[in-house]
Amino acid sequence: MIRTVEETASTNADMLALAADGAPEGLWLRADTQAEGRGRMGRAWHSPIGNLYASTLVRLQPHDPPAATLALVAAIALHEVVIAYTTETCLVIIKWPNDLLVNGAKLAGILLERANDAVVIGIGANLGFHPVGLDRPVTSLRAQGFDAPDPHYFCEDLARAFAHWLARWRGSGLETIRQAWLRGAHPAGTALSANLGDGNSVDGLFDGLEPDGALRLRLADRSLRVIHAADVFLI
């Protein structure tokens with residue numbers, strides 16, 4: 001079920017409140033615009049009318065894979081839907097940990113927040129508009145030459161895709177999800193720079209994912225660095 005509101009501060013904040021009141025898994029909340037949209041690392045998320053701002057809720061079950069790997073599930077679903085709205089000449093890739101790039105520029109991001117057994121997955125996607133003047137390339141489907149889909153119908157497609165991959169996450173296990181994520185990601189050997197939480201950065205070549213979804217970077221000395229949390233850029 002998708003609930004739609006014209007404006008809110010943050011769909012993630014609203015969904016966390018709904019979760020605390022007992023909202024069921026599978027609920028989606030979509031806003032036409034957000035006053036206080038946010039992304040990872042506390043960044044503000046510019047939220048003009050015409051883009052997707054939506055959150056959904058997963059209730060963790062005893063034998064589920066790790067909650068953090070729901071970011072992989074969301075990325076796969078988002079990748080699948082965006083491909084359906086583009087063409088084969090458009091390069092749509094997943095970038096660890098939770099961004100979707102189109103022709104090298106960020107189109108969408110994912111933010112997970114947890115409260116007890118509730119995991120809220122927020123997804124923002126630039127359909128008709130994108131911000132300018134940021135520290136990284138950003139784009140929208142319209143800027144890439146495609147018709148901007150109606151955010152409600154895009155959300156309906158995303159909800160269906162997410163439900164499918166969530167069932168695979170639960171029923172087939174994390175390895176199935178990891179392999180699907182890798183098929184949609186930048187290829188092995190892609191040069192990446194990871195900004196770590198301690199202020200340091202490390203450069204290396206993408207070497208896949210660990211079984212738990214952590215990033216594998218092959219460093220210049222051929223050693224392997226496993227990264228569980230970082231802000232990652234293509235070099």
Name all residues of the stretch 209-231 having a backbone nitrogen under 17 Å from the label point set 7 Å from the Cα of Ala68 along its Cα→Cβ direction, giving them as ranges. 209-217, 225-231
Write down the percent of antiparallel bridges among all DSSP beta bridges whose residues are both part of the chain, to the nearest 5. 85 percent
Could you please tell me the mean projected area of the C-alpha convex hull for the chain, averaged over all directions and given in square nanometres to one decimal? 12.5 nm²
Run the numbers for Ile2 and Asp221: contour at 0.36 nm per residue of separation, minus the present Cα-Cα distance, in nm. 73.9 nm
Using the alpha-carbon centroid of each, what span in Å lies between the stretch 77-111 and the stretch 159-235? 15 Å
Label point at Glu25 placed 7 Å out along Cα→Cβ; residues across the stretch 126-168 whose backbone nitrogen lies under 14 Å: 162-168
Under the Karplus relation 6.51 cos²θ - 1.76 cosθ + 1.60, θ = phi - 60°, what is the ordered set of whole-Hz ³J(HN,Hα) values for the stretch 85-90, x standing for Gly and Pro? 9, 10, 10, 5, 6, 9
Helix-derived mean residue ellipticity, 222 nm - over the chain, DSSP H n ≥ 4, -39500 (n - 2.57), to 500: -8000 deg cm²/dmol
Between Ala71, Ala125, Ala167, where does the largest GNM mean-square fluctuation fall for the chain, given springs only between Cα atoms within less than 10 Å? Ala167
Going through the DSSP H helices of the chain, which span 20 Å or more along their own axis at the Cα atoms while scoring at least -0.5 as a mean Kyte-Doolittle hydropathy? 70-84, 151-171
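Here, each number is a calculation from the coordinates, and none is a lab measurement. The shown structure was predicted, so the numbers you read here are calculated from the model rather than taken from an experiment. Don't worry about glycine lacking a Cβ; one is built from the backbone with ideal geometry, like all the others, and counts go over all protein chains shown.
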